[in-house]
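In what follows, a structure is listed as structure tokens, so that the remarks can point back to it.
Please treat every number below as a calculation from the coordinates, not as lab data. As the structure is a computational prediction, the values presented were derived from the model and not from experiment. Neighbour counts run over all protein chains shown; Cβ positions are idealised from the backbone, glycine included.
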Amino acid sequence: SAGGETKNPYALDRDPGGSSSGTGAGIAANLGAVGIGEDTGGSIRVPASFNSLVGLRVSTGLISRAGLSPLVVFHDTAGPMTRTVRDTATLLDVVVGYDPADPYTVAALCARIPETYTSSLAEDGLRGARVGVVRQAFGSDSDADSRKVDEVVNRALTTLSEAGAELVDPVEIPDLLDFIVTTSLYLAQSRHDINAFLADRPGAPARTIEELYSTNRFHPLLDLFADIARGPANPEEEPDYYKRLAARERFQRTILNVMGAHRLDALLYPDVQVLPPLRSDLYAGRWTTLTFPTNTLIASQAGLPAISVPAGFTAEGIPVGIELVGKLYDEPTLLRLAYAYEQASAARRPPASAPPLPGEP
């Protein structure tokens with residue numbers, strides 16, 4: 001926000017998620033029709049989950065990142081944040097495509113991009129679909145927040161099944177936690193990528209992240225910013241750098257082999273294992289950026305597309321999202337499943353703090 005803190009319109013004492021928090025809160029509060037977020041480890045899908053929105057992380061390279069500030073160039077992607085799956089599909093038609101200013105968008109030349117992504121939308125789109133439930137990614141029963149999240153997600157699973165999906169519950173991703181740790185590149189890659197971005201912006205007030213850090217003009221809770229500023233200037237200086245790069249490919253193959261072995265159309269788990277945090281919990285240091293229990297890292301670090309869809313609300317009215325993960329460049333399948341679930345569940349409702357105007361969803 002321009003001043004102060006961005007609030008969650010569903011619960012003003014809770015976090016709206018990030019880093020695309022302004023977009024998420026603004027769209028949820030009916031201040032705009034659609035928005036674009038930038039997702040490295042979950043910055044589209046976390047605020048989508050916390051604000052009862054649809055948020056799509058596309059396969060990296062389908063949407064240009066030219067002009068967007070990077071964090072980890074291998075993982076960064078722009079993507080839609082909307083109130084409905086149809087809005088997401090419609091926005092994709094506008095933003096997907098090759099851009100010579102972003103070499104990664106050669107992916108858009110290789111993928112089978114439909115004439116319109118809205119052609120994937122069908123109310124019976126879950127009929128016969130096979131969805132694998134990754135129980136490893138659910139929160140602990142000993143955590144009260146996680147129990148509330150799991151209750152909402154389990155209701156969503158019932159809706160999926162009633163709408164015709166065949167649930168494979170559970171499926172297991174081998175070495176999941178180890179892969180999440182070993183494929184993390186923030187501390188090795190981000191300083192280099194941010195500095196390369198700043199160096200290419202003649203009018204920028206700072207030329208390096210070190211200059212920005214030295215001003216001390218950043219929020220004290222941005223622990224990751226401080227860690228990045230002190231990271232290696234050259235990623236190859238990090239002893240495990242190439243090991244981490246190789247692990248990314250193994251992680252993707254491992255997940256796709258799980259999907260292949262079970263003939264799955266998608267994997268499913270909660271976007272985040274806990275509810276949107278109370279601001280008091282954040283200021284008390286309950287988590288750091290890298291220890292916050294978000295499952296969005298899985299698709300990001302495996303290089304796979306994923307969509308967050310509203311699953312419903314807790315008894316206190318706090319939003320919860322589910323995440324569907326698909327195969328590379330298979331966004332149409334994710335949209336088909338998400339749309340059918342959305343129609344069957346009618347899980348989203350606007351926040352009481354910002355009711356819709358006549359005709360708004």
Problem set entry | Leading residue at positive end of dipole, the chain (Cβ point charges), from L109, A11, A340 | A340
Exercise. How big is the charge dipole of the chain about its Cα centre, in debye rounded to the nearest 20, if each Lys and Arg gets +1 on its Cβ and each Asp and Glu gets -1 on its Cβ?
Worked result: 220
Seminar exercise, completed: Relative contact order of region 1-89 (C-alpha contacts under 8 Å, at least 6 apart) in percent is 28
For this session: Counting other beta carbons within 10 Å of each Cβ, put I27, I44 in order, fewest first.
Result: I27, I44
Exercise. Once phi is turned into θ = phi - 60°, what whole-Hz ³J(HN,Hα) does the Karplus curve with 6.51, -1.76 and 1.60 give for every residue of region 347-355, x standing for Gly and Pro?
Worked result: 6, 8, 9, x, x, 5, 6, 8, x
Seminar exercise, completed: If exposed means GluC sites (Glu not before Pro) lying in a DSSP loop and surrounded by at most 13 other beta carbons within 10 Å, then the longest stretch of the chain lacking such sites spans residues 173-315
Exercise. Cα gyration tensor of region 199-313, axes a ≥ b ≥ c as square roots of the eigenvalues: rounded (a/c below 1.5), prolate (a/b > b/c) or oblate?
Worked result: oblate
Problem set entry | Relative contact order [Cα under 8 Å, 6+ residues apart], region 21-345, whole percent | 26
For this session: Using Cα positions and a limit of under 27 Å, work out the lysines in reach of K148, with same-chain residues fewer than 8 apart set aside.
Result: K7
Problem set entry | Residue-averaged 222 nm ellipticity for the chain, from DSSP H runs of 4+ at -39500 (n - 2.57), nearest 500 | -10500 deg cm²/dmol
Seminar exercise, completed: Phi angles of region 92-108, converted by Karplus (6.51 cos²θ - 1.76 cosθ + 1.60, θ = phi - 60°) into ³J(HN,Hα) in whole Hz with x for Gly and Pro, give 4, 4, 7, 9, 7, x, 6, 9, x, 6, 10, x, 5, 6, 4, 4, 5
Exercise. Among S214, T254, Q301, whose Cα lies farthest out toward the positive end of the dipole of region 204-305, if unit charges sit on the beta carbon of Lys, Arg (+1) and Asp, Glu (-1)?
Worked result: T254
Exercise. In what sequence do V152, V106, V85 fall when counting other Cβ within 10 Å, fewest first?
Worked result: V106, V152, V85
Seminar exercise, completed: When R230, R248 are ranked with the fewest other C-beta atoms within 10 Å first, the list becomes R230, R248
Exercise. What's the local net charge at A78, with K and R +1, D and E -1, over the other residues with C-beta under 12 Å away?
Worked result: -3
